[in-house]
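So the structure is just underneath, and the comments pick up after that.
The values are calculated or read from the model by the stated rules, or taken from the named source; none is laboratory data. Please read all numbers here as calculations on a predicted model, not as lab measurements. So basically every Cβ, Gly included, is an ideal-geometry build from the backbone, and we count neighbours across all protein chains shown.
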Amino acid sequence: MQYWEAILLAIVEGLTEFLPVSSTGHLILSSAVLGLEPDEFVKMFTVAVQPGAIAAVLVLYWRKFFQTLNFYWILFVAFIPAAIFGLAFSDTIDNLLESPLGVAISLVIGGGVFLFIDKWFENNEKNPDTNVDWKKALVVGFFQVLSLIPGTSRSGATIVGGLVAKLNRKQAAEFSFFLAVPTLFAATGYKCLKYQSEVGFNWNDMNLLLVGNLFSFVVAIFAIKGFIKFLTSKGFKLFGWYRIILGSIIILILLVFKVDLAVV
C-alpha cells in the first residue's frame, strides 16, 4: 500500500464511519477499485484506521465522557453482544471482508430498510431526550451484532436499534457515536494484536497507520457535524437510496458485466 492509497482510504473512513452507509463496506470496495489485494495488512488497515474517526467523537463530545460511572456501564452493556459474537466468528468475518458482492447485497438490503425507517418510527420524534438505561442499551447492542456483516453499517444498525428502543433520531445517532468508542477501539486492538502475532509490524506499516488515522480524524470531525444536522432535518431516505443505487451498480458490474473489482 502506498501513502496516497492510505490517505484515500482514510478519507473514505472519516466520511462514512458515522453515516449509515457502511464504512467497512466502502473501504472494501475502495480497496478493490484501487487494486489492493486483500492481504493481511489491507484487512488490518480497514479496521485500524478507525481510531482516528473515534478520536473525533471524543473531541466533539468530550463533556459526555466526564459524566457518572453509569454512562460507562451503559456503554459496556451495549458493547458486550458484538464483542462476544465478534470473537466467536472472527475468522468468518475476515473471509467476508474479501467479498465485494457480499457488501453490495448488504448495501441494497439495508437501503431498503432505510427508505421506510422514518415512517416506521416517526412517533419517536415526539419523544424528548432521555437517559439511556441498560435495557435500551442492550437493544442497541444486539442490533450492533448485525454490523459484523460487512456492508450492513455499524452506525446504521445501532441507530435503528436506538429507534427500536424509542430514542429520537438525534439521540439514537449520538448514542451510536458513543458506542463506537469502546467497540472500534476493541476491534482495532484485537486486529492489531492478531496482525502483530501472525505477520509483525514494520516501520512502514506504522507510518501508514499514523497517516491514515490523522486524515480519518480530520474528515470525521466535519462528517459528524454535517450528519447530525442533516439527520434531524431530513431523515434516512436519502441514505437508503444511496445504498440501493451503489449496491445495485456493484452487483451489475460483478454479475452482468463480469468485471472483477479486485483487479480494476
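Looking at Ser216, Ser197, just one residue is on the phi < 0 side of the Ramachandran plot, hydroxyl-bearing (Ser, Thr, Tyr), modelled with pLDDT of 90 or more and in contact with a helix residue (DSSP H, G or I) (Cβ under 8 Å, 6 or more places away or on another chain), and that residue is Ser216. The number of residues in the stretch 10-43 being on the phi > 0 side of the Ramachandran plot and over 13 Å from the mean Cα position of the chain (by Cα) comes to 1. When restricted to residues that are part of a helix (DSSP H, G or I) and closer than 30 Å to Phe71 by Cβ, the stretch 97-123 contains 8.
Screening Thr68 against (1) at pLDDT below 90; (2) β-branched (Val, Ile, Thr); (3) under 15 Å from the mean Cα position of the chain (by Cα) leaves a single unmet condition, (3). When the stretch 197-225 is filtered for residues that are β-branched (Val, Ile, Thr) and within 13 Å of Ile54 (Cα to Cα), the ones remaining, listed by number, are Val218, Val219, Ile221, Ile224. Looking at Pro81, Pro20, Pro51, Pro38, just one residue is modelled with pLDDT of 85 or more, not aromatic (Phe, Trp, Tyr) and not in a helix (DSSP H, G or I), and that residue is Pro20.
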